[in-house]
Amino acid sequence: MKIINRTNKIAIYTFLISLGALAALLWIPIYLAGPDGLEQVQYDLTGNGEYEPESNFSFDWSPFPDYEFINTDNNYGHTWLIGLIGSIITCFIIFGGFKLLLVKRQSEKKNAEIIKNV
Amino acid sequence: MHIGEGLLDLSILIPLWIIVLGYGAISLFKIRKSVKTDQVAIISVITAMVFAFQMLNFPILTGTSGHLIGFVLMAIFFSPTTAFIMISVILVIQAFVFADGGIIALGANMFNMGIATLLGYFIYWIIRKKFSTNEAEGSNTKPLLIATFFGGYFSVIFASIICGIEIGISDNFPFGIGVTIPTMLIYHSLIGIGEGLITMMVVSFFQKYAPEYIPTIENLPIWS
């Protein structure tokens, strides 16, 4: 069995601890579904927490608009599940993006070496 | 602090998009040279952690809540340019997948949370450089934690001031900067405490269990 190196171990632990901390904090519950700072400012000044003047553009194809997940009534589990989905998506996109960036860097280095040797 | 669609007019959004795209290109160029292969896993996980913690709204005043921005936290571990790319990816996912913050307003959100917050990181850098110089790393974590708290705190303050200016000068919002900046500061001066404390807790945890991820004073990047 391949031994996991320290860097990957720390990455795995950080991911699990983050999700564990999110679950614990949601359960306490410190979580508050009230308006955030900017929404409260909009509410104080205009009387509407989601003050959005008429816009020519609206994006209606979000799979989880406003962090809503279909057929889930449990607010605690629901928020955690959305956190898990979002974290996994974020993790994969960043991982893929950075790997791609580094692969391009390595191939450029190799090309430069070949040219140098020629 | 996610600005929705329609709140800012195009005369504000276009310059912000230009700045963000230019800064993003420079950041990508910088991180291509600086990021090491073995850092990719931890960068991905810390970005995911910031995404998860951004979902956690903590109460501040009379039903108002705040949540982590996380820029200074990510910049402490890696660098401000890497943190800019990390927070930009989070904002893009939030806008497209969760409809949190506008898509046309993404430029403004990236500017507020990835560039304006840079001033908070500079405060962290100054405090750490000034007060940690003669201390052996690891033996005294107080200067690091104090720098972390104030870096996190002021990142929220600067972001809220910039956000207040943007909505104050926007034709789409009925109030000017004389009203929007003080109102933003009232709430965000309290939200900043939460940001500072969460940043401090995470850095303190890493300092204890994986101190190699926190740059030493000699290797502390000011920007790149």
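The values are calculated or read from the model by the stated rules, or taken from the named source; none is laboratory data. Everything quoted here is computed from the prediction, not taken from an experiment. Note that we place each Cβ from the backbone using ideal geometry, even for glycine, and neighbour counts take in every protein chain shown.
Applying the set (1) touching a helix residue (DSSP H, G or I) at 6+ places or on another chain (Cβ under 6 Å); (2) under 20 Å from B:Asn109 (Cα atoms); (3) at pLDDT below 95 to B:Ser27 leaves exactly one unmet item: (3).
The sole residue among B:Ser160, B:Ser155 that is at pLDDT 95 or above, buried (at least 22 other Cβ atoms within 10 Å of the Cβ) and under 23 Å from B:Arg128 (Cα atoms) is B:Ser155. Considering segment B:183-199, the residues that are surrounded by fewer than 19 Cβ atoms within 10 Å (Cβ to Cβ) and either more than 10 Å from chain A (Cβ to nearest Cβ) or without any contact (Cβ under 8 Å) to a residue 12 or more places away in the chain (or both) include one that is nearest to B:Phe77 (Cα to Cα), namely B:Leu197. Scanning segment B:54-68 for residues that are within 7 Å of chain A (Cβ to nearest Cβ) and either assigned to a helix (DSSP H, G or I) or farther than 26 Å from B:Arg128 by Cα (or both) gives B:Met55, B:Leu56, B:Asn57, B:Phe58, B:Pro59, B:Gly63, B:Thr64, B:Ser65, B:Gly66.
Of the residues making up segment B:200-224, those that are surrounded by fewer than 17 Cβ atoms within 10 Å (Cβ to Cβ) and assigned to a helix (DSSP H, G or I) number 10.
Does segment B:176-190 contain any residue that is farther than 16 Å from B:Thr148 by Cβ and in a loop (DSSP other than H, G, I, E, B)? Yes, segment B:176-190 contains a residue that is farther than 16 Å from B:Thr148 by Cβ and in a loop (DSSP other than H, G, I, E, B). From the residues in segment B:6-22 that are crowded, with 20+ Cβ neighbours inside 10 Å and more than 7 Å from every other protein chain (Cβ to nearest Cβ), which one is modelled with the lowest pLDDT? Out of the qualifying residues, it is B:Leu8. When each of B:Phe58, B:Phe51 is tested for being without any contact (Cβ under 8 Å) to a residue 60 or more places away in the chain and closer than 24 Å to B:Thr199 by Cα, the lone residue that passes is B:Phe51.
Quickly run through segment B:169-179 and pick out the residues that are within 21 Å of B:Gly114 (Cβ to Cβ) and within 11 Å of another protein chain (Cβ to nearest Cβ). Within segment B:169-179, just B:Ser170 meets the criteria. Would you check if there is a residue in segment B:157-164 being under 28 Å from B:Leu13 (Cβ atoms) and touching a strand residue (DSSP E or B) at 6+ places or on another chain (Cβ under 8 Å)? No, every residue in segment B:157-164 fails to be under 28 Å from B:Leu13 (Cβ atoms) and touching a strand residue (DSSP E or B) at 6+ places or on another chain (Cβ under 8 Å). Screening B:Ser88 against (1) touching a residue at least 40 places away in the same chain (Cβ under 8 Å); (2) closer than 30 Å to B:Ile186 by Cα; (3) surrounded by 22 or more Cβ atoms within 10 Å (Cβ to Cβ) leaves a single unmet condition, (3).
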